[in-house]
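Student: Quick one: the structure is below, questions incoming.
The values are calculated or read from the model by the stated rules, or taken from the named source; none is laboratory data. Predicted, not measured: the structure shown is a model, and the values here were computed from it. Methodologically, a virtual Cβ is constructed for each residue, glycine included, from the backbone with ideal geometry; neighbour enumeration extends over all protein chains shown. In case anyone asks, the SASA skips ligands and DNA or RNA and just uses the protein heavy atoms, side chains included. Shrake-Rupley method; radii C 1.70, N 1.55, O 1.52, S 1.80 Å.
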Amino acid sequence: MLIARLKVQEDKVDEYLELAEKTDKSVEASEPGMIHHTFDQDPEDFLRFVWSIFLKMMMHFLLILLINPPVGDYLEAHAGLIDGEVAIEFYGTVGDKVIEAMNGSGLPFKVFKTQLGYNRV
């Protein structure tokens, strides 16, 4: 699971919402490994948003980050619309290749290592 938290500049909210909608539709059409992809607004601060992403396998994230043009377009466009940095959090099993790709991306991220739990199919 990936959670990305961000704050949008107050005068850029409408522009960011258009970008988010375009990106969401592109991801739905181009990423078959995506199980869940939502963009949610903080109920207490209309400038704060959260992307939540669930993937069948974290290896799909490498494809998303490295070769999916809509994601590259989104990352390039959103840089001028956000206020501060994006906080990217990974939960669950994250392999070395994903961590290596994130290190090379220049994006800030944190991995929450699983201590216990289970998945049901």
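Student: Please go through the stretch 19-30 and give me each residue that is farther than 17 Å from residue 3 by Cβ, open to solvent by less than 60 Å² (accessible area, probe 1.4 Å) and under 14 Å from the mean Cα position of the chain (by Cα), ordered by number.
Tutor: If the condition is that a residue be farther than 17 Å from residue 3 by Cβ, open to solvent by less than 60 Å² (accessible area, probe 1.4 Å) and under 14 Å from the mean Cα position of the chain (by Cα), then 19, 26 are the ones that fit.
Student: Something else now. Report, by residue number, each residue of the stretch 7-25 that is within 15 Å of residue 85 (Cα to Cα) and polar (S, T, N, Q).
Tutor: 9
Student: Report every pair of residues separated by at least 6 positions or lying on different chains whose Cβ atoms are under 9 Å apart, first residue within the stretch 1-22 and in a helix (DSSP H, G or I), second among the β-branched types (Val, Ile, Thr) and buried (at least 16 other Cβ atoms within 10 Å of the Cβ).
Tutor: Listed by first residue and then by second, the contacts come to 12/82; 15/8; 16/8; 16/82; 17/8.
Student: Report, by residue number, each residue of the stretch 49-91 that is modelled with pLDDT under 80 and closer than 11 Å to residue 2 by Cβ.
Tutor: 55, 58, 60, 61, 64, 65
Student: How many of the residues making up the stretch 84-114 are assigned to a loop (DSSP other than H, G, I, E, B), open to solvent by 80 Å² or more (accessible area, probe 1.4 Å) and either of a type in the set (Asp, Glu) or out of contact with any Ser or Thr (no Cβ under 7 Å at 6 or more places or on another chain) (or both)?
Tutor: Residues that pass the stated criteria total 2.
Student: For the stretch 31-43, give me each residue that is open to solvent by less than 50 Å² (accessible area, probe 1.4 Å) and of a type in the set (D, E, K, R).
Tutor: 31, the sole residue that qualifies.
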